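The values are calculated or read from the model by the stated rules, or taken from the named source; none is laboratory data. A quick note: this is a predicted structure, and the numbers were derived from the prediction, not measured. We work out accessible area using only protein heavy atoms, side chains counted, and drop any ligands, DNA or RNA first. Shrake-Rupley method; radii C 1.70, N 1.55, O 1.52, S 1.80 Å.
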Amino acid sequence: MAKILVVDDEQVLVKGIKFNLESAGYQVEAGYDGEAAVELARNGAFDLIILDLMMPKIDGLQACMRIREFSNVPIIMLLSLIH
């Protein structure tokens, strides 16, 4: 079973993504800021990370660069466009 890390500061969004991924059979862990993303990624063996771009503490881009220092796990970046 694939293990996915989902990190976004919008807890409702994380809850929805987590629900759908778990319903599809994936194991999911969640975080809510950039620092948590780095720590969770460092301590877990994930097959995929879904990471928001705009987060507190450190943004998704900085978190991604820090994760790249120790892991090559695929990362999908989430962003919202405001019109």
- Message: Could you work out how much longer the chain between Asn20 and Gln62 gets when fully extended? Use 0.36 nm per residue separation minus the Cα distance between them, nm to one decimal.
- Response: 12.4 nm
- Query: How large is ³J(HN,Hα), in whole Hz, for each residue of the stretch 48-65 in order, when computed from phi with the Karplus curve 6.51 cos²θ - 1.76 cosθ + 1.60 and θ = phi - 60°, using x for Gly and Pro?
  - Reply: 7, 10, 10, 10, 6, 6, 9, 9, x, 6, 10, 6, x, 5, 5, 4, 4, 5
- Here the stretch 12-23 yields Karplus 3J(HN,Hα) values (6.51, -1.76, 1.60; θ = phi - 60°; whole Hz; Gly and Pro given as x) of 5, 5, 4, 4, x, 5, 4, 4, 5, 5, 5, 5
- Applying the gyration tensor rule to the Cα atoms of the stretch 1-64 (axes a ≥ b ≥ c; rounded if a/c under 1.5, else prolate if a/b exceeds b/c, else oblate), the class is oblate
- Fraction of accessible area attributable to carbon and sulfur, the chain (%, probe 1.4 Å): 55
- Apply the Karplus parameterisation 6.51 cos²θ - 1.76 cosθ + 1.60, with θ equal to phi minus 60°, to every residue of the stretch 71-80 and state each ³J(HN,Hα) to the nearest whole Hz, in sequence, with x for glycine and proline. 8, 10, 4, x, 10, 9, 9, 9, 8, 10
